[in-house]
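A quick write-up on the structure given underneath.
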Amino acid sequence: MIRRTILAAGALAALFALAPPPARAADGAAPAPLEVTLAPDAANPPAPRMGDRLTYHAVIRNPSPTAEASGVVAWLTILRVDAGHEQAIDLEDWSANKALTIPALGPGGSARSDWSLRLIAPGTYRVLVSAATRDAPVPAIGTGAIFSIAPKPVVESARVLPVALGVPAALALLLVARLFAGRRGAAPEA
Amino acid sequence: MSPAFAIARREGGELLTSPRGLAWLLAAAFAFTGFALLLVGSTQLGLLDNAQVVYDMAGMTIALGALLTAVMGVDAVAGDRERGALLPLLATAAPRRAILLGKLGGQALAWLAMVALALPYLWAVGSTGQNLGAALVGLVLLGTPVALAIGAGAMALGARLRSARAALLSALIGLMLVASPLAIGPSLRQSALGRGFDAVNPFSGAVNALDAMVIDGQALAAQGWHLALVFGWLALAYGLALRALHAPRRPGEEIVS
Amino acid sequence: MSLSHTTSLDPPDDRPRTGSDGAAPPLAIEGLSVRRGSRRVLADVHLHVARGEVCGLLGPNGAGKTTTMAVALGLLAPEAGRVRLFGADPLTAPDALRARIGLMPEQDGLTGWMTAADYLQYWAVLQGRPIGAARAAALIEEVGLAEAPKRMPAARYSQGMRRRLAVARALVAEPELLILDEPTNGLDPRGRLRLLGLLRHLARSRGVAVLLCTHLIEDVERIADRATVIVAGRTVAEGSLAKLRGHAAGRRFRLALGGPAPSLPADSAALLAIRHAGAEEALVELAPGVAPETVWRALLFAGWPIREVRAEQAGLEALYLSLTGAHDAAGDRP
């Protein structure tokens, strides 16, 4: 996950700082906006719970019949849409697939990408995959259906407490027994 | 029974049977307990998923295990020297390699005791346990070389420094530095220096691999670099410790002072 | 006062270079010099231990006895000199050679949580000569630890018991060379005599070479055949006890005086050392090689009211005090 983030950041920097100017349409007009479609994987659980994984398949298409789309960046966004809790989610713990770059999409060409999510927190969410190029700064967005994540007790006190209290108690007893056994020996010679 | 095995049994046995060793394990158990109780009582931590919790617990196990092997490593050479136990040991017919392997074996037993101690906690906080297997595999495969590398490095340090106290202090400071990625987290990689440190640090290698395996669900096979990094450090630390315990070569060079 | 360094009191052919069977002697050190950093801690050490012989290594604290032992065991690389352990260089000798040595350092360094029997069996494995419970029990009996509870860990032993266990550890592999550093420290008189008796028995009946490093002259006088005296990193005397005693004879004199003794001119320091000077009596010690008549003439010339001269009883202690006192007075270091 971390390495991919670094790689993605590096790729973005390279893309915008070092990449050659993208090819334009023959008439010099701005290229047509990209199209993004997003579909859930058929194996996704219908009623996901915390800890489950969801996979989405995105298709990024260049609809222009003539112009190549260069330097395509696509990225994942997760929005929480519960009333009163609306926010964009930090992807750090949710997905290792945060962004990808496509050097060039030929006229009419498309690219497919998979996005895997680990469901960290309960609530209602929407997944978006956006795509943009340097010359088409308004991103194209593909949206997935709203889904709800059911809560799950990740730490059950009924399981934790006996261990958390029992293990030190057992060790302490062992230590006391060891100390007692050590003192039981006959007194050393004077 | 080989000398290495006998020494390992003695060193490990001391930890598992002596009050001092049991006190160490009890202190580690209190640390695990504190973390586990924090999870139960904290809403924020309670929302983390199993994997994150298991990852944290595994990282904590490596940190505590490395602390234990660092102390044992210093004690195995510098402590033995101050107690007068190193001189007769080096004067036996046991080859230096066997002595070193025996002492490392004792540290390995201590590390395994730490893993065994962590197991019930990992099970308790791992809830459904869907990443428990990956965590255990990562803990053993990556934590073991890290803990032993720290232990071997501490032995080399103990052999070089004349005072056990100075060696212990140096080893603990070194451990804090090496284990800092565990506390600093991803923000370590925000600078070139941090990224460089992260790339070569054995602790980073272990926790990054655990992160990838436990949180991201990556396969162990994808952790080749991390495995190579931690085992490389183990080989280097072993070489340094062996050299430090070897027969003196230059005039005035000595093992026991 | 400065005494010239005495390299040996023996003629060269008196040193035990080989055993009676022609094999290399257990320990032979010639012209050993050791430097630690900028400080030279040993300057010219000679030491020889033959089979079946108890050799006392005497010297004041800090003289270099322990350093000599470390070099002999291959734990410290010398600057110069020749060290041979059973004919081999200890720095390059195979590990198995060390099984022929039993070491009892000044610090016991025992494993406190082990019982004596477990510990001896553990140590035998390290020496490459595993022993069973019966042999361990026999060793425990031999050093006088049989009365200790069998399950008592060594950490609960008294100092004397720990010393005995350290002796048993040194004997566990039936060594041919025993190196003991202050072995009687912490032992009660009975334990001390028992240990000294055991060492003498090992040398006489089993042919073990014993190097007894100590500052207790009476221990050496009791059991040693030879002695080496190291002062300030140099061997200042080496030879059989009889020869050393003989050399000491006639070196210390008690003078009856008719009044307070005046101070001596500086150049007389080469002739003698004054150990004690009172109104009616003085104890003087002659420098090696100086004829007594020369000294008396010098003292009378300086105005000493000498009425009577009596020779002190000869002994190893007299020689030791003479040699170490000379260096103390000179503040001599290599």
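The values are calculated or read from the model by the stated rules, or taken from the named source; none is laboratory data. This is a predicted model, so every value here is computed, not measured. Counting neighbours? That spans all protein chains shown, and the Cβs are built from the backbone with ideal geometry, glycine included. Just so you know, the surface numbers come from the protein's heavy atoms only, side chains and all, with ligands and any DNA or RNA stripped out. Shrake-Rupley method; radii C 1.70, N 1.55, O 1.52, S 1.80 Å.
At a glance:
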{"quantity": "Surface accessible to a 1.4 Å probe, per residue, for the residues of the range C:250-312, Å²", "calculated": "53"}
{"quantity": "Inverse mean reciprocal Cα-Cα distance (Kirkwood Rh) of the protein assembly as shown, Å", "calculated": "32.1"}
{"quantity": "Value at 222 nm in deg cm²/dmol, rounded to 500, when DSSP H runs of n ≥ 4 in chain C each add -39,500 (n - 2.57)", "calculated": "-9000 deg cm²/dmol"}
{"quantity": "Chain C: angle of helix C:159-171 to the longest principal axis, Cα-based, in degrees nearest 10", "calculated": "70"}
{"quantity": "Counted charge near residue C:205, where neighbours are those whose Cβ lies closer than 15 Å (Asp, Glu -1; Lys, Arg +1)", "calculated": "-1"}
{"quantity": "Accessible area (Å², per residue) of the range C:110-174, counting only protein heavy atoms and a probe of 1.4 Å", "calculated": "39"}
{"quantity": "Whichever aspartates and glutamates have a C-alpha closer than 14 Å to that of residue A:98, once near sequence neighbours (fewer than 8 apart) are set aside", "calculated": "A:90, A:114, B:216"}
{"quantity": "Contact surface A-B: accessible area buried, both sides summed, square angstrom, 1.4 angstrom probe", "calculated": "3100"}
{"quantity": "Residues with amide H under 5 Å from that of residue C:57, placed H, sequence gap 5 or more", "calculated": "C:212, C:213, C:214, C:228"}
{"quantity": "Where the range A:21-149 is the region considered: accessible area per residue in Å², 1.4 Å probe", "calculated": "46"}
{"quantity": "Counting DSSP beta bridges with both ends in chain C, the antiparallel % (nearest 5)", "calculated": "65"}
{"quantity": "Additional length obtainable on full extension of the chain from residue C:200 to residue C:151, 0.36 nm per residue less Cα span", "calculated": "14.6 nm"}
{"quantity": "Zone residues, the range B:58-97, relative to residue B:5, backbone N less than 19 Å from point 7 Å out along Cα-to-Cβ", "calculated": "B:93-97"}
{"quantity": "C/B buried area, accessible surface, summed, 1.4 Å probe, Å²", "calculated": "2500"}
{"quantity": "Most positive-pole-ward Cα, C:146, B:169, B:147, against dipole of the protein assembly as shown from beta carbon charges", "calculated": "C:146"}
{"quantity": "Residues in the range C:119-162 that a label on residue A:177 would reach, taking backbone N under 20 Å of a point 7 Å out along Cα→Cβ", "calculated": "C:151-153"}
{"quantity": "Shielding of C:169-180 by partner chains, average beta-carbon count, 10 Å", "calculated": "1"}
{"quantity": "Partner chain coverage, peptide C:119-125 - average Cβ within 10 angstrom", "calculated": "4"}
{"quantity": "HN-Hα J in Hz across the range C:56-61 - Karplus 6.51, -1.76, 1.60, θ = phi - 60°, x for Gly and Pro", "calculated": "x, 10, 9, x, x, 4"}
{"quantity": "Cα centre as origin, Lys/Arg/Asp/Glu Cβ charges: the range A:21-149 dipole, Debye", "calculated": "120"}
{"quantity": "Span-like helix ranges in chain B, DSSP H, alpha carbon extent 15 angstrom or more, Kyte mean at least 1.0", "calculated": "B:19-41, B:50-74, B:96-125, B:144-160, B:164-178, B:224-245"}
{"quantity": "The range A:32-190 - percent of accessible surface contributed by carbon and sulfur, probe 1.4 Å", "calculated": "61"}
{"quantity": "Surface share of carbon and sulfur [accessible, 1.4 angstrom probe, percent] for the range C:56-198", "calculated": "50"}
{"quantity": "Rounded percent of accessible protein surface that carbon and sulfur make up, the range B:3-245, 1.4 Å probe", "calculated": "73"}
{"quantity": "Inter-part distance where the range C:38-52 and the range A:127-151 are each reduced to a Cα centre, Å", "calculated": "84"}
{"quantity": "Nitroxide proxy distance, nm - points 7 Å out along Cα→Cβ at residue B:137 and residue C:256", "calculated": "10.0"}
{"quantity": "Size of charge dipole - the range C:250-312 - debye, nearest 20, with Cβ of Lys, Arg +1 and Asp, Glu -1, no other charges", "calculated": "100"}
{"quantity": "J(HN,Hα) series, the range C:253-270, from Karplus relation 6.51 cos²θ - 1.76 cosθ + 1.60, nearest Hz, glycine and proline x", "calculated": "9, 9, 10, 8, 10, x, x, x, 8, x, 5, 9, x, 4, 6, 6, 4, 6"}
{"quantity": "The protein assembly as shown - share of DSSP beta bridges that are antiparallel (%, nearest 5)", "calculated": "80"}
{"quantity": "Average beta carbon contacts from partner chains per residue of A:166-178, 10 Å cutoff", "calculated": "6"}
{"quantity": "Shape call, chain B: gyration tensor on alpha carbons, a/c limit 1.5", "calculated": "prolate"}
{"quantity": "Sequence-distant residues sharing a close amide H with residue C:304 (under 5 Å, placed H)", "calculated": "none"}
{"quantity": "Helix-only [θ]222 nm of chain B, DSSP H runs n ≥ 4, -39500 (n - 2.57) each, per residue, nearest 500", "calculated": "-23500 deg cm²/dmol"}
{"quantity": "Residues losing 40 Å² or more accessible surface upon assembly, the range B:14-38, compared with the chain by itself, 1.4 Å", "calculated": "B:17, B:19, B:22, B:26, B:37"}
{"quantity": "Percent RCO, i.e. relative contact order, over the range B:62-199, from Cα pairs under 8 Å lying at least 6 residues apart", "calculated": "43"}
{"quantity": "The range C:31-98: C-alpha gyration tensor shape, a/c 1.5 cut-off, then a/b vs b/c", "calculated": "oblate"}
